[in-house]
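Read through the structure below, which is laid out as C-alpha cells, and then see the notes.
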Amino acid sequence: MENSLQVVTFRVGNEDYGLHIMRVQEIIRVIEAVKVPKAPAYVEGVINLRGKIIPIIDLRKRMMKAITCYSDASRIIVVDTGGRLAGLVVDTVIDVIMLSGDDVGPCPSLDDSKRSDYIMGVGRQGDRLITVLSLESLLNFV
C-alpha cells in the first residue's frame with residue numbers, strides 16, 4: 001500500500017468499510033432502480049444519473065448479510081471503476097479519513113469463502129477497524 005490512503009468510510013450492517021476516495025465520484029440518496037432481468041441477486045437494477053445508466057449493487061446482498069429495508073440514512077456511493085460507473089447501496093456514510101500505510105494490514109486468511117477476495121486490507125484508527133474494499137474484485141461482474 002501507499003504511505004497513506006484517504007478513504008470514504010461507510011457502514012453495512014454493524015461493520016465499517018472504506019473505499020479509496022479517488023474511486024468515489026459522488027454520494028446520493030437512494031432512488032428506485034429499474035430491475036434488470038437475469039441480473040445477479042445483489043444487483044438492484046439500474047438508474048439514470050444525469051444521462052448515464054448505472055448498475056446499483058446492494059452491498060448487504062453482495063456481502064451476504066441480513067437484508068433490511070433502506071432507511072433515511074441509506075446512500076448510494078457512485079464509484080468509478082476505470083471509466084465505468086456503478087452505485088453501491090450502503091446503510092450510512094460515516095466520514096472521510098486518512099490511514100497511514102502502517103495502519104493498514106492485509107486481510108487475515110479466513111477460509112475458502114469469497115468474502116476475502118474483495119478485501120484489500122484492514123485499517124485501524126484507534127479502536128476502530130475499517131475493512132478497505134477492492135472495487136475490482138467487488139464488482140467483478142461489470
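Data overview
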| read-out | value |
| --- | --- |
| Residues of the range 27-54 that turn out to be charged (D, E, K, R) and at positive phi, as a count | 2 |
| Matching option when the condition is more than 22 Å from residue 123 (Cβ to Cβ), out of contact with any Cys (no Cβ under 6 Å at 6 or more places or on another chain), touching a residue at least 24 places away in the same chain (Cβ under 8 Å) and surrounded by 11 or more Cβ atoms within 10 Å (Cβ to Cβ), among 21, 27, 77, 31 | 31 |
| Number of positions in the range 34-63 that are hydrophobic (A, V, I, L, M, F, W, C), closer than 20 Å to residue 120 by Cβ and part of a loop (DSSP other than H, G, I, E, B) | 1 |
| Breaking point among (1) of a type in the set (Gly, Ala, Ser); (2) under 26 Å from residue 129 (Cβ atoms); (3) touching a helix residue (DSSP H, G or I) at 6+ places or on another chain (Cβ under 9 Å), for residue 71 | (3) |
| Checklist (1) polar (S, T, N, Q); (2) without any contact (Cβ under 8 Å) to a residue 24 or more places away in the chain; (3) closer than 17 Å to residue 14 by Cβ applied to residue 137, failing item | (3) |
| Residue in the range 43-58 that is surrounded by fewer than 13 Cβ atoms within 10 Å (Cβ to Cβ), in contact with a strand residue (DSSP E or B) (Cβ under 9 Å, 6 or more places away or on another chain), within 21 Å of residue 140 (Cα to Cα) and of a type in the set (D, E, K, R) present | yes |
| Which numbered condition residue 26 misses (of (1) within 13 Å of residue 59 (Cα to Cα); (2) assigned to a strand (DSSP E or B); (3) not polar (S, T, N, Q)) | (1) |
| Residue among 67, 47 that is farther than 16 Å from residue 20 by Cβ, of a type in the set (A, V, I, L, M) and at pLDDT 95 or above | 47 |
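The values are calculated or read from the model by the stated rules, or taken from the named source; none is laboratory data. None of the values given here were measured: they were computed from a predicted structure. Every residue, glycine among them, receives a Cβ derived from its backbone with ideal geometry; neighbour counts consider all protein chains shown.
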